[in-house]
Amino acid sequence: MAASRKAPRVRVYLPEQLTKWETERYVEMSQRPEAKLPGNPHGISCPLNSCNLNEEAGQHDQTHLLNTDHGLCLYLANYQDFQLKNLRIIEPNEATHSGDPGVETDSRMAPKVTSELLRQLRQAMRNLEYVTEPIQAYIIPSGDAHQSEYIAPCDCRRAFVSGFDGSAGTAIVTEEHAAMWTDGRYFLQAAKQMDSNWTLMKMGLKDTPTQEDWLVSVLPEGSRVGVDPLIIPTDYWKKMAKVLRSAGHHLIPVKENLVDKIWTDRPERPCKPLITLGLDYTGISWKDKVVDLRLKMAERNVVWFVVTALDEIAWLFNLRGSDVEHNPVFFSYAIIGLETIMLFIDGDRTDAPSVKEHLLLDLGLEAEYRIQVLPYKSILSELKTLCASLSPREKVWVSDKASYAVSEAIPKDHRCCMPYTPICIAKAVKNSAESEGMRRAHIKDAVALCELFNWLEKEVPKGGVTEISAADKAEEFRRQQADFVDLSFPTISSTGPNGAIIHYAPVPETNRTLSLDEVYLIDSGAQYKDGTTDVTRTMHFGTPTAYEKECFTCVLKGHIAVSAAVFPTGTKGHLLDSFARSALWDSGLDYLHGTGHGVGSFLNVHEGPCGISYKTFSDEPLEAGMIVTDEPGYYEDGAFGIRIENVVLVVPVKTKYNFSNRGSLTFDPLTLVPIQTKMIDVDSLTDKECDWLNNYHLTCRDVIGKELQKQGRQEALEWLIRETQPISKQH
């Protein structure tokens, strides 16, 4: 593939009197220096105080301004903090030198130059070797053939084409445009990582068009929109196809993935060894899980159930893998019949003695428990063969989130789609072995974090501790714990302005040194054989400002409101989301992500079907045994990020009355890591909130203190005792 020429960079002249964190903000413009700023008809080199930037910011979420007509992106935030009259735009051919105060992005977060890739992709869209007729648009989702959130390197097609490597986003490329849809977690990151060829579409904001509406607005009449049917979810296909069809366009399955055709050094698909889990970890055998599943199938006259989600297959067979980094899953499909079990998996992974014994492959089992092991890529052909012999009334279960290719392999009259499969729901409700395993995992995790925070308190004042070295130290302490397998996601270790990038991951080019002057946020977790952890703490190693304490306290109040909530059985998680935001809303603040997500048991750190979010998605009601996170936050762009996250278990609770005899639920925190009281404006808390925090810290001291003592970690124990002292208001 021919190397593309690096586009010229437009720089911003910043006056010397700006503060350090202000000068770290910057303006990124496209290679079209003739483009005019939104609100500035005078174009380049004119003072920015002629622009009504605050008005524009209000229309664009106060984060980024996008002039897509001119391919220009202005990155600024909190414009009132800038001395705008002193800013001017410098053309790329204007003389500069190493001593000038122009600010450029670091290489990790700098935009990827995509002009050549987009040219090749558009050429492929017209190539009749790949398509029966030219297509006018091509959709590139984030997921893989299993619609996974986190994917293997070989499936990172959207990141390869665009440069944006966040976990959520959909790219659409037409003959003249390239657009990226992502949510509030990634607005900053996407704007930094994509070049001027791309338009950022901020999902969730009022003025952002849907993908379907945008396509209808930009496509010529009678256009063909292509997508790989193996990686597009069925529910997405149906929605997109309906809107396009009503506008005279057509959604076309393109069996040859066009990104793969231009990705010359695409990595191979992983095929790593499997891990078997015994009853001590799972609480129920895979055979009994199959029995339960078949009972549900028989109730609905379902004769086959196609399992496509990787975590569902891992849970069903009590197996784990490592094909996807930090996610203990393995590439496979499964088809469960009333008397047949088929596992589609590549390599000789099932030949390992431990796996053979676990799956009983060498035993002469009765036919209904005998597992047929078939090649991974044979799923579609085998499924079509099975469906060819169905009687008229027999049904095949499949998730509506399964790929369109899998869904279409099942004849429409036999296809029974559902938003959440019986496995998904059963997996979310942890049995006693799983919930106790999760509790053990969080105790070990808390020990590691007590060690980390004690170490940070000693080392940060000396200087030299960076975001990366802090993340590495967290992993080092976790690796010392029994049954540690891996991290559960890349550690978000961020100080100062990096904390405002919600899913920031430090790399050498962005690596900041922790100091006594900035807020530090670390969101991290681990995979232990007995459970999965995910915890966020925000700390200050010096003296926080009054504003930082105010913001932290608002976040804490929201965290407590969710954790202490008592709600009727059958309540959906989105009804609790406003509990987390109320204190922030009172101060005119908010955050652009959900409040909580489900957590797997030695499985994916994000799992459905439950969650706590401002989005009214089709989540399942919360029920006892479900495990979710409680993680409100606040992010001051260019200054700091604050988030407090615990993993909590849904448990029954007794109330004075019992309306309609339906019972009530609340949350029991599994995460037992102190919340830094230095960051709290204690007098802003209610008495109930003070009591909650004191009781929480007492539990941390009792439970984690015993484990620290047992492991001989005296310094960390002393730190824990200091950090869990009771707080009281100054009346």
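Could you list which residues have their amide H under 5 Å from that of D681, counting only those 5 or more apart in sequence or on another chain, with H placed in the peptide plane?
Long-range HN contacts for D681: T553.
Wrap a convex hull around the Cα atoms of the range 589-731, take a quarter of its surface area, and give that in square nanometres.
Average of the hull's projected areas for the range 589-731 equals 12.4 nm².
Just grab the label-to-label distance for S381 and L365, each label 7 Å out from Cα along the Cβ direction, in nm (one decimal).
In this crude spin-label approximation the distance works out to 2.5 nm.
What is the Cα convex hull volume of the range 432-723 when expressed per residue in Å³?
130 Å³
Express as a percent, rounded to the nearest 5, the fraction of DSSP beta bridges in the range 115-262 (both residues included) that run antiparallel.
Within the range 115-262, antiparallel bridges account for around 40 percent of the total.
Hand me the tally of lysine pairs in the range 586-731: alpha carbons under 21 angstrom apart, and the pair either on different chains or 8 or more positions apart.
5
Using r as the Cβ-Cβ distance of D691 and D483, and R0 as 30 Å, what FRET efficiency do you calculate, to the nearest 0.05?
0.30
Give me the distance between the Cα centres of the range 147-179 and the range 218-257, rounded to whole Å.
17 Å
Where the Cα atoms of the range 571-641 are projected onto their three principal axes, how long is each span, largest first, in whole Å?
That gives 36, 25, 18 Å along the principal axes, largest extent first.
Kindly state, to the nearest 0.05, the FRET efficiency for D413 paired with N658, given R0 = 41 Å and r defined as their beta-carbon distance.
E(calc), rounded to 0.05, equals 0.35.
If the range 275-426 were replaced by its equivalent ellipsoid, with semi-axes equal to the square roots of 5 times the Cα gyration tensor eigenvalues, what would those be, largest first, whole Å?
For the range 275-426, the ellipsoid semi-axes come out as 24, 17, 16 Å.
Please give the contour-minus-distance gain from I721 to N431: 0.36 nm per residue of separation, less the Cα-Cα distance, rounded to one decimal in nm.
Working it through step by step, the gained length comes to 101.1 nm.
From the cross-link list K444/K557; K202/K473; K356/K444; K430/K572; K458/K549, which pairs have alpha carbons spaced over 24 Å apart?
Result: K444/K557; K202/K473; K356/K444 exceed 24 Å.
Roughly how many nanometres apart are two label points built 7 Å out from the Cα toward the Cβ at D265 and D348?
3.1 nm
Once the mean 1/r over all distinct Cα pairs of the range 115-262 is inverted, what Kirkwood radius in angstroms do you read off?
15.4 Å
Cα to Cα, under 13 Å, and not fewer than 8 places away if on the same chain: which aspartates and glutamates meet these conditions relative to K206?
D61, D183
To the nearest 20 Debye, how big is the dipole of the range 275-426 about its Cα centre, given +1 on the beta carbon of each Lys and Arg and -1 on that of each Asp and Glu?
480 debye
Tell me the GluC sites (Glu not before Pro) within the range 331-390 that lie in a loop according to DSSP and have at most 12 other beta-carbon atoms within 10 Å.
Those satisfying the criteria are E339, E366.
Which trypsin sites (Lys or Arg not before Pro) in the range 159-224 pass both tests, a DSSP loop state and at most 13 other beta-carbon atoms within 10 Å?
Sites meeting the loop and neighbour criteria: K206.
The numbers here are math on the coordinates, done by the rules we state, and not lab data. Keep in mind the model is a prediction, meaning the values are calculated, not measured. Please note: Cβ atoms are built from the backbone with ideal geometry, for glycine as well, and neighbour counts cover all protein chains shown.
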